[in-house]
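Read through the structure below, which is laid out as structure tokens, and then see the notes.
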Amino acid sequence: MEKLSNQQLAAIRKRLLQLEKNLSQQIEINRDAASIVALDQTSVGRISRMEAIQQQSIALSTRRKTCLRLKRVQDALRALADNGYGFCEQCNELIAFERLLARPEANLCISCQNHADTKT
Ligand SMILES: [Zn+2]
């Protein structure tokens with residue numbers, strides 16, 4: 001099984017660091033939106049409380065997903081430092097470089113991912 005070249009690893013590392021930065025920023029921006037809805041009608045303004053609660057739950061779920069993705073990105077960066085990056089968690093095969101470039105935080109190869117997707 002071929003290994004990723006240093007050049008490929010460097011490209012992925014760059015992408016991961018960029019993602020880490022973007023995701024952290026998103027979490028920061030999202031923090032206010034996800035904070036508890038003020039029950040005080042005056043601060044809610046024209047939007048109804050129902051709408052505010054709905055928006056909050058969307059913001060919370062986005063935030064959860066973003067946090068999860070950030071954690072994966074950080075795991076990938078750690079794996080990269082340990083030379084254990086790019087292997088599928090399920091079958092231990094090297095994940096295709098194209099896939100890693102598109103989703104550098106991927107921890108499953110395409111076939112295991114498809115398998116996992118059809119299961120859920
Ligand atoms: Zn796999």
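When region 82-104 is examined, which residues are found to be closer than 30 Å to residue 31 by Cα and either touching a residue at least 24 places away in the same chain (Cβ under 8 Å) or more than 19 Å from the chain's Cα centre (by Cα) (or both)?
100, 101, 104
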### Query
Just one of the numbered conditions (1) part of a loop (DSSP other than H, G, I, E, B); (2) under 27 Å from residue 26 (Cβ atoms); (3) near the ligand (Cβ under 9 Å from one of its atoms) is not true of residue 107; which one?
(3)
### Message
Given (1) at pLDDT below 95; (2) within 16 Å of the ligand (Cβ to nearest atom); (3) surrounded by 17 or more Cβ atoms within 10 Å (Cβ to Cβ), identify the lone condition not met by residue 84.
### Response
(3)
### Query
Any idea which of 77, 94 is away from the ligand (no atom under 16 Å from the Cβ) and touching a Phe, Trp or Tyr at 6+ places or on another chain (Cβ under 9 Å)?
77
### Query
What are the residues in region 69-81 that are surrounded by 13 or more Cβ atoms within 10 Å (Cβ to Cβ) and either touching a residue at least 12 places away in the same chain (Cβ under 8 Å) or over 16 Å from the mean Cα position of the chain (by Cα) (or both), if any?
69, 70, 72, 73, 74, 75, 76, 77, 80
### Task
Please work out if residue 63 is free of Cβ contacts under 8 Å to residues at least 60 places away in the same chain and more than 18 Å from residue 15 (Cβ to Cβ).
yes
### Query
Can you name the residue in region 1-16 that is surrounded by 14 or more Cβ atoms within 10 Å (Cβ to Cβ) and either hydrophobic (A, V, I, L, M, F, W, C) or free of Cβ contacts under 8 Å to residues at least 12 places away in the same chain (or both) and is also nearest to residue 67 (Cα to Cα) among such residues?
16
### Query
If you scan region 76-104, which residues turn out to be part of a helix (DSSP H, G or I) and more than 12 Å from residue 13 (Cα to Cα)?
97, 98, 99, 102
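The values are calculated or read from the model by the stated rules, or taken from the named source; none is laboratory data. Keep in mind the model is a prediction, meaning the values are calculated, not measured. Methodologically, a virtual Cβ is constructed for each residue, glycine included, from the backbone with ideal geometry; neighbour enumeration extends over all protein chains shown.
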